[in-house]
Structures are given as C-alpha cells and as structure tokens.
Amino acid sequence: MRTDVAQPVRLEDYRPTAYAIGTVDLDIHLAPKATRVTARIAFSRREETAPGTPLELAGDELKLVGVSLNGAPLGETDYEADAETLTIKTPPAEPFVLEIVTEIDPDANSKLMGLYRSSGTYCTQCEAEGFRRITYFYDRPDVLAVYTTRIEAEKAEAPVLLANGNPVEAGDIEGTGRHYAIWHDPFPKPSYLFAMVAGDLACVTDTYRTLISGRDVELRIYVEHGNETRCDYAMDALKRSMRWDEEVFGREYDLDIFMIVAVSDFNMGAMENKGLNVFNDKYVLANPETATDQDYAGIEGVIAHEYFHNWTGDRITCRDWFQLCLKEGLTVFRDQEFSSDMRSRAVKRIADVRLLQSHQFSEDGGPLAHPVRPTVYRQINNFYTATVYEKGAEIVRMIKTLLGDDGFRAGMDLYFERHDGEAATIEDFIKSFEDANKTDLTQFARWYAQAGTPSLKVSETWDEAAKSLRIDIEQSCQPTPGQAIKEPFTIPVRFGLIGPNGADMEWSAVTGADVRDDVIVLSEPNHAITFDGLSSRPVTSLLRGFSAPVRLTDDKDREALVFLARHDSDPFNRWQAVQSLAMQLLKRGAKGPGNLAADEIQEFAALLGEAASDDGFEPALRAQLLQLPAESDIAREIGTDVDPDAIASARKAVQVAVAGHCAEGFAILYEALADTGAYSPDADAAGRRALRLTVLEYLACIDGEASARTLDHYKASDNMTDRLTALRLLVHRADSGTQEALEDFETRFAGEALVMDKWLTVQATAPFPETLARIRTLTSHSAFSFTNPNRIRALIGAFAAGNQTQFNRADGAGFNFMADTVLTLDKRNPQVAARLLSAFRSWRALEPGRRALAEAALRRVAEAEGLSSDVQDIATRSLQ
Ligand code: B3K
Ligand code: ZN
C-alpha cells in the first residue's frame, strides 16, 4: 500500500493564521520557461500570536530565488524552504514586509493550476490552491489582502497585460522590447481570486451604466484573434446579468472595469477572479453555425454565475474550503433564478431537477456521498461536486420557500450588510435569515450537515363520510459513508389538491403539520396530515416545483398519475407525473421484454401524443414532457443489480412503441414546426426546435431504411442545433447516412476545436460494441489532444458519462479503458483525471459480474504507484 497519501483536513481544526496580511505587491516578469515573481507582502502579527512565532507559508512545486525582510536579504539560517513550504523562523513582533522571489515555468505547468500558458497566452487559475504555485503564501480563503500587480513581458509576444482591479499605469521599457502594466484592486480578497493574463488577444468592448448610481463600467471580452464576432451573445448575457443583480438582489458592480478572457485550455467552466473572469472558451464563443441552443443557454448561465460571484464569493468569501457551498450553492441558485427570469421558469426548473437527479442523487447514493458542507477532505479539488453546487442551490431555494420572497430578500440584504468584506461561514448565512425573519433555522441547518437523499413515503386515506383526507408522510434518509443514522430534516412540501374537474380545490381546515399557504413544512419522522371539510376526494399534487431535494414515493395508481399529467396546474408536477409513468414502465421493461403490457404502453403513448400537440403548453415544455428518462436515470431508480443492456433495450422498446402509436401526429408536428425564419437563439425559437427534434428522434426509430428523413434534416440544417441532433440520430442508430454525415461534418468544421468536440462526443456515445475501438482510433485524430481538457471531456468523459452500455460493458473493457486513461492522464493533469474517475461512482449498484470488474479496475487505479492526491482520494473513497 502507498504511504504518502494526503493527510485529512478537518473543519474542527480551523484556526486563524498567526499573522494577517495587509497588502500584496506582485511584480511578475513573464518568460515562457522562467517567469520571475517578486511578492512584497505586508504582514502584521495578530494580537493573540506570541512574538517570535514562526511564519509558515505554503508553496507547491516552487523554486525559491531569495527572501528579504524589510529590505534586508535573509540568510539561510533565518528561514527554511522547500518546494512546499517557506518558514520564517523568528519574524519581527512589529509589522514587516517580506519580499519573496520565486521562479516558475509556465510552459511546463500541465496541471493548469497556478500560472500556465494556453495557446501562447499566459493565464492563471488559483482556486482552490493554485496561488501557492506562483509564490509562497497564506493560500487560504480567510486571508484577505489588497493586491497591486505589475506585469512585465515581451511586447511582441504579449501586447495585452491584465490583472484584477482597475488599470493604474502602463508603458514601454525603453530599448528592451518589453513593456509593463500595473493594476490595483482596492477590494481585499483571498489569493484564490488573484488573476493575471498576458498574450496577443483581440478585445471586444462595451459599457454598462449601473441602475443604482448611474456609473459607467467598461466591459471587455478578450478572445483569440478571429473570434471577435463570436462574443455578442456573451456580452449581452453579461449586461443582462449586471442589470438583473441590481434589480433582483440590489447588488451593483463595484470596479471601473469588468473583463472576461476566453482561453482554450481550462480545467473547468470558468473562474470568478475579481474583475477578471477567466473562461473556458466553450462558455464564451458562439454563433449559430457552431453553437447549439444548449451552448447558448450554457453561456448565459455561466456568464451570469461568474458575474454573480462578484458579490457572493468575492465581496463575501468563504472562511475555509468547508464553506464552499456558501458561495457555490448560493451562486448556482442565483444563476438558476436569472435564467428562469430570462427564459421559461417551468422549463428551467425541469432542466435543473433533471441535472440534480442525474448527478447529485447518484452521488448521494454512492460511495462519494458527502454533506453539502463536508467536515473532512483530503483533496479539496474533489469537492467541487453536484452536492456542493446543485444540492447547495436547493437548500437556498428551500430557505426562500420557507421564508417567502420578502423574508428571503430581507435575509440576503442582512447577509450582505453584515458580511461585506469578510470571509464568512454557513452559520453566518443562516443567522442572517434567522435574524431578519425572527425565526429559528437550527433544524433546517441539518441539510448542510447530513449527506444522503431523504425519502418521503406517502399514503393517503379518504373518509367519504367525514369528507376528510388523511395524508401520512414518513421521512427517512439513506445511510451514507460515516453517517448511518440521520436526524429528521425540515422539508417544505409545496402542494395542491385537485378536484374531479381538474381545478385546484380550496381547503380550509388542516391538522397534523405546519401548513403555510400552499406549503406543508415537515419536521418529524412521521406526520399524519388531515384536510377536513372537502367537497369530494381530491387528487393530491405533492412536491410541486420540486420544493425539496427528496425522493417521494406514494401509492398513486396509474389513473391518478394520468390525471395529474393531464390536469395539474403545476407544470413541473405534470412533467413529474409523466416521468413517473414512464419510469414504472421502463423499470418493469428492464426486468424482461415480456413485462411490458401492451395496453399500458398504448395508454402512455396516447398521453405523450396528446402532450406533443397541446397548444396550451409552450413547445419547450412539450419537448421535456416527451423525453423519456435517460438510461442512467432508470439505472439509478432501479438501484441494485443493474443490467445496463436490459435498461437500454427496455428504453428502446418503449420509444419504438410510442413512435409507432404517435407516428402520424408526430409527422404532422415535425412538418408544422419547420422554421423558415433566420436562426435566433432565444428561448421560444429554441423551444420550437427542441420539440421538432424530439419528435424527429421518435420518428427516426421507426423510419425504415428507405426513409432519408434524418439525413435530409442533417443536410437542410442551417444551424448547429439541427445539424448536431441529426448527426447524433444517424450515428447512434447506425443509419445508412452515418458515414456521409460524419465526413461532411468533419470537412465543414475541421480546425474548429469546439465544434469538433461535438463530433468526438457523438461517436464516443454511440451505443455499440465497436465504439471503444473507435475511441482508441480517435485518440490519434488531429481533433483530439491529451493536453486539452475540453478534448478529453468530449471524447473520454462523454464516453464514461453518456454511454451506459459501453462504459459498463459486461467484459469490463470499458472500465479498463477508463482506468488506463485515468492513470496516464494523472501524470499530466490530476484534476481532470480525478474527475474522469468519478464516473465509477455508481459501480456498487451494478449486477455482480460487472460490479466485480468495476471494482478490479478501481483497485488497479488505487494501488498504482505515484498517484496524485486527487486520483488517490477518489479511488480510495470509491472503494470504501
Ligand atoms: N469557482 C470556480 C471553480 C473552481 C474549481 C477549482 N477546482 C468556478 C465556479 O464555480 O464559478
Ligand atoms: Zn461558482
């Protein structure tokens, strides 16, 4: 066994640093292989620190060139240094300035953490612990300082020099071919929000005038030359985000300038560095020929998310990394609300819940489960999870549901007022809502501490004589690693009672739980809730809008679900009813083809046919209603002894049956929705395309070989949404047009890296045994590169996450391929490797044969020599 595993970090061990930092002056002399960083850091001893207490700073793969204290060079006996730490043995009792000179090699930085080069552009990524790869520092979020950054570089190589804050000065260094720029950020910030960028970049500019004080803010988006015309949507989304945060949260932007830089090599989506957001170019660049409707929505959401961090993350940051959800969960909630206001609230909610269930519920149900605020970690990079982000957002949403719109806003206002300029905790956040609303959220706060998805078991009893309905609700929560027993949660259940005419019923008398307007607030393990004096037996609609991140099982029969699917005034629950019906069918189908009763399928197909052409619903919602649960969703609901091949067959059988039943109506709809106007990425137009493409998918499964409908669709496409869906349908059905379309796509978009990513993904997710060999071949294709995270995610990440039957192949070849890839990649980029490995998170739910093969692959990874702490951590926890 390995012995060099990372030591656990525990929340209970949190202590402030011995010294505080006032200012940081950085002087960065850029060179591709030897960049010299001079950091002048003003320290002062905290009152509670004994004079002479050593000063310990963190580094990572650093080369120290020299240290001086108050201008005098320190001798080797005054400090100890290696690549990971710098200790000043006896610092002065009075405030002092430490000057540290380090040398780093941006070109050799394949981890993409700290300062690195992406296509010739110098850029930084410091969250969570990347700043220590630039200089020795208190690289933790509770040490806030005011930064001034001077950057110097060859002018020809890097004409653009950027850092956080406002520009102060810039100029040429006579006779050297070099130039410099100085930036100053007046807002104290932790080191993880530091950023600098230098390169030969094009710039698109605009301005935004704030609503609150009428200040003009300069907006700049930097991209590689040639991409200037692809920034319009991102710029528009930025301006809308700035306005929305003023209107909805009363938050105004604070610097004179806001900059976004798009880079092509980036470990995640984007980064909220103060005043200088660095983005994966995937979330900036778009035009109709290259970006899908989904890409546009992604750009809008990520631009908003990073911008919103300016207040929830930057102005108020986290005390320690255990509090990550304080900024991430809250900011996801804010971006979800923004997108709901910009688009359709119902459709956005369904999309968000789909994501929550597919990523977070599966995480909660497996070995990587952890509380939204964990209490221990070995590698913080592995905690940027669906639980912290998506479940964290659900917790904020529940606070709003419980306190109402005004109570929520009052709590947020108090939070901003109290903690601006601070590094805060979840307790601070909760306390703001308690104090602003004079309420006690102690029990509610368990959502942060207890992992696992709570279950609600509901049963109903109707008393005809008394005209009363009794709803029994029992809550429980699955055991998770280290937490076998859970205390009951506070769970807001939004509900409605639907009368026989399909309209919501009025009710007056209720007992057995705290019921506020249309929300039942559960707090006990069991509630018996009785509604008296009803005119007739209602059909209950529970958990409207998915008011809590729980699993609800009730004793509703098919008839009641069909009734809800037809009549519920809550669009989310209509969708939920259709999903429940689909899931019942699919789960039974997965037990064997004989289990699919023809009359039941007919009934279900009829319901979908009705929904498809129901003009009372916007097309985007109809598209959502028509979409069957994904194979991975079905697997999650089955939960044990999962056979992915059986699931895929059952899903296909239901799809074909629905298509057969609805063929005529779908064909009419397909024609009727043909768009003749110019492409627009707006939500309405995207919704019509989504509906048309959803019916095309059904039609494609019954179109015979002679039909060229899908290939014709591909050929007629004038935008990427249509083109890519048609390509996927051809490739995933191995239709005769496959080769022609793949070659056409490749010819059209060769050299367009982000578009070729889609071409890679389509092939990697094809549900055929040949796919694995195809992927191996594609790793040598010029569109693929092992050094670029987007390419790796497009080909290999997509295979593991989106190809259930082939990743989980019965011969274990899918698992072994992933294990080999993770081990190779770990040497270059541990963060991306660890993320790929988390695709194994549901391995224990597989049937015994596959389970053993997955376990063997995981063990092979866990026991390999020289693993990064990132991969070691995921491998070990996956096996626990
Ligand atoms: N805060 C960054 C994520 C950083 C991930 C570091 N491993 C992006 C975001 O959530 O906005
Ligand atoms: Zn974020």
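The values are calculated or read from the model by the stated rules, or taken from the named source; none is laboratory data. Source: prediction; values computed, not measured. Quick reminder, even Gly has a Cβ in these numbers, built from the backbone with ideal geometry, and neighbours come from all protein chains shown. Note: accessible area is taken over every heavy atom of the protein model, side chains too, but ligands, DNA and RNA are not part of it. Shrake-Rupley method; radii C 1.70, N 1.55, O 1.52, S 1.80 Å.
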*asked:* Ranking request for peptides 372-378, 109-115: highest mean number of other beta-carbon atoms within 10 Å first, then the rest in descending order.
replied: 109-115, 372-378
*Starting from the Cα of K652, draw a straight line to each of the lysines and keep only those under 25 Å, dropping any in the same chain fewer than 8 residues away.*
K587, K591, K758
*Could you do me a favour and compute the accessible area per residue for the stretch 1-199, 1.4 Å probe, result in Å²?*
42 Å²
*In order through the stretch 150-166: 3J(HN,Hα) via Karplus (6.51 cos²θ - 1.76 cosθ + 1.60), integer Hz, x for Gly, Pro*: 10, 10, 10, 7, 4, 5, 5, 7, 9, x, 9, 10, 10, 8, 5, x, 9
_With a cap of 14 neighbouring Cβ atoms within 10 Å, and only residues DSSP puts in a loop, list the trypsin sites (Lys or Arg not before Pro) found in the stretch 523-602._
K591
*Hz values of 3J(HN,Hα) by residue in the stretch 812-819 - Karplus curve (6.51, -1.76, 1.60), Gly and Pro given as x*: x, 5, x, 5, 5, 4, 5, 4
*Using a Förster distance of 41 Å, how high is the FRET efficiency between H225 and D684, based on the Cβ-Cβ distance and rounded to 0.05?*
0.75
*Assigning unit charges at the beta carbon (Lys, Arg +1; Asp, Glu -1) and nothing else, what dipole magnitude in debye, to the nearest 20, does the chain show about its Cα centre?*
1480 debye
*Residue-averaged [θ]222 nm for the chain, counting only DSSP H segments that reach four residues, each worth -39500 (n - 2.57)*: -12000 deg cm²/dmol
_If I model a spin label as a point 7 Å beyond the Cα along the Cα-Cβ vector, how far apart are those points for E61 and V248 in nm?_
3.9 nm
*Estimate the FRET efficiency between A750 and V656 by the formula 1/(1 + (r/R0)^6), using the beta-carbon distance for r and 45 Å for R0, to the nearest 0.05.*
0.80
*Give me the angle, in degrees from 0 to 90, between the Cα long axis of helix 232-249 and the longest principal axis of the Cα atoms of the chain, rounded to the nearest 10.*
90 degrees
*Please arrange H567, H732 by accessible surface area, largest first, computed with a 1.4 Å probe and ligands excluded.*
H567, H732
_Point-to-point label distance, A509-A606, nm (Cα→Cβ direction, 7 Å offset)_ = 4.0 nm
*Distance between modelled label sites at T210 and D341, nm, 7 Å Cα→Cβ extension*: 1.7 nm
*For the chain, find the longest principal axis of its Cα atoms and tell me its angle to the long axis of helix 558-567, 0 to 90°, nearest 10.*
70 degrees
*If you count, for each residue, the other Cβ atoms within 10 Å and average over each peptide, how do 131-141, 98-108, 847-857, 279-289 line up from highest to lowest?*
131-141, 279-289, 98-108, 847-857
*May I ask you to compute the full-extension gain from V521 to V101, defined as 0.36 nm times their residue separation minus their alpha-carbon distance, rounded to one decimal in nm?*
145.4 nm
*What does the highest-first list of 496-508, 802-814, 246-258 look like by mean Cβ count within 10 Å?*
802-814, 246-258, 496-508
*asked:* Cα atoms only: what Rg and Dmax, in Å, come out for the chain?
replied: 28.1, 98
_Accessible area expressed per residue, the stretch 532-600, with surrounding protein chains retained (probe 1.4 Å, Å²)_ = 40 Å²
_Within the stretch 117-137, list the residues whose amide N lies under 19 Å from a label point set 7 Å along Cα→Cβ of H29._
122, 134-136
*asked:* Which of the three applies to the stretch 649-688, rounded, prolate or oblate, going by the alpha-carbon gyration tensor with a ≥ b ≥ c and a/c under 1.5 meaning rounded?
replied: oblate
*A852/D820 FRET efficiency (R0 30 Å; Cβ-Cβ; nearest 0.05)*: 0.95
*In the stretch 1-199, what percent of the accessible surface is made up of carbon and sulfur (1.4 Å probe, ligands and nucleic acids excluded)?*
50 percent
*Of the accessible area of the stretch 364-432, with the probe set at 1.4 angstrom, what percent is carbon plus sulfur?*
44 percent
*Averaged per residue, what accessible surface does the stretch 692-785 expose to a 1.4 Å probe, in Å²?*
41 Å²
_Could you derive backbone 3J(HN,Hα) for the stretch 44-55 from the dihedral phi with the Karplus parameters 6.51, -1.76 and 1.60 (θ = phi - 60°), listing whole Hz in sequence and x where the residue is Gly or Pro?_
9, 5, 6, 3, 7, 8, 5, x, x, 4, x, 9
*Give the cross-link partners of K467 among the aspartates and glutamates, using a straight C-alpha distance below 12 Å as the criterion and excluding same-chain residues fewer than 8 apart.*
D532
*asked:* For K327, give me every one of the aspartates and glutamates with a C-alpha distance below 15 angstrom, ignoring sequence neighbours fewer than eight places off in its own chain.
replied: E127, D142, E272, E306, D314, D335, E390, E394, D420, E422, E427, D428
